[in-house]
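Undergrad: Before I ask anything, let me first share the structure, which is written out below as structure tokens.
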Amino acid sequence: MRTRESTYHPRTDVAPIPYKRLLLLVQPMIDAVAAAGGDTTAAEALAPVLAELDATADWVALAGVLRRILKGERGGQLLDGLDPTGTAIVTELLGRLDGQPETPGGP
């Protein structure tokens, strides 16, 4: 299983985003996916967000993994093929679904 790094480099032409800042930026999406918890209506409400992610090449793989999570899939195999940013987001989300506290508000 991959471990969290202190910074993630989503692209080589932009400055790295510190891990906690990245998670704060995507926290609403993480919260929404975690809250859906198998609820098809809640998952359907996320369709516009996922469609927006699909429209950007850097986020297509993440959108696919989020759909798999919304369908109930769990496990380290979800990290396969993700870039470091997607890995950070999915790792945080899987931790939340497993009952771990949120990182941005954590110690």
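Undergrad: So for each of 37-48, 52-63 I average, over its residues, the number of other beta carbons within 10 Å; can you give me the resulting order with the highest mean first? Mind showing how you got there, number by number?
TA: Numbers: 37-48: 12.1, 52-63: 14.5.
Highest-to-lowest ranking by the protection proxy: 52-63, 37-48.
Undergrad: Which ³J(HN,Hα) values in Hz, rounded to whole numbers, follow from the phi angles of segment 49-55 under the Karplus curve 6.51 cos²θ - 1.76 cosθ + 1.60, where θ = phi - 60° and Gly and Pro get x?
TA: 5, 5, 5, 5, 5, 4, 6
Undergrad: Could I ask something else about it? Efficiency by 1/(1 + (r/R0)^6): what FRET value for ASP54 and ALA34, r their Cβ-Cβ distance, R0 = 30 Å, to the nearest 0.05? Mind dumping the intermediate values first?
TA: Numbers: r = 20 Å, r/R0 = 0.68.
Once rounded, the FRET efficiency stands at 0.90.
Undergrad: Quick one: 3J(HN,Hα) in Hz for segment 82-88, Karplus 6.51/-1.76/1.60 with θ = phi - 60°, rounded, Gly and Pro as x.
TA: Karplus values, whole Hz, x for Gly and Pro: 8, 6, x, 5, x, 4, 4.
Undergrad: Where Rh is the Kirkwood radius over the Cα pairs of segment 17-97, the temperature 10 °C and the viscosity 1.306 mPa s, what D in µm²/s does Stokes-Einstein return? Don't skip to the end; give the middle numbers.
TA: Values: Rh = 12.6 Å.
Stokes-Einstein gives a translational diffusion coefficient of 126 µm²/s.
Undergrad: Highest first, please rank the peptides 25-35, 69-79 by the mean number of other Cβ atoms sitting within 10 Å of their residues.
TA: Values: 25-35: 15.9, 69-79: 13.5.
Going from most to least packed, we get 25-35, 69-79.
Undergrad: Each residue of segment 91-97 in order: what ³J(HN,Hα) in whole Hz does its phi give by Karplus 6.51 cos²θ - 1.76 cosθ + 1.60, θ = phi - 60°, with x for Gly and Pro?
TA: After applying 6.51 cos²θ - 1.76 cosθ + 1.60, I find 4, 5, 5, 5, x, 4, 5 Hz.
None of the figures in this text is laboratory data; all of them are computed from the coordinates on show. Please read all numbers here as calculations on a predicted model, not as lab measurements. Quick reminder, even Gly has a Cβ in these numbers, built from the backbone with ideal geometry, and neighbours come from all protein chains shown.
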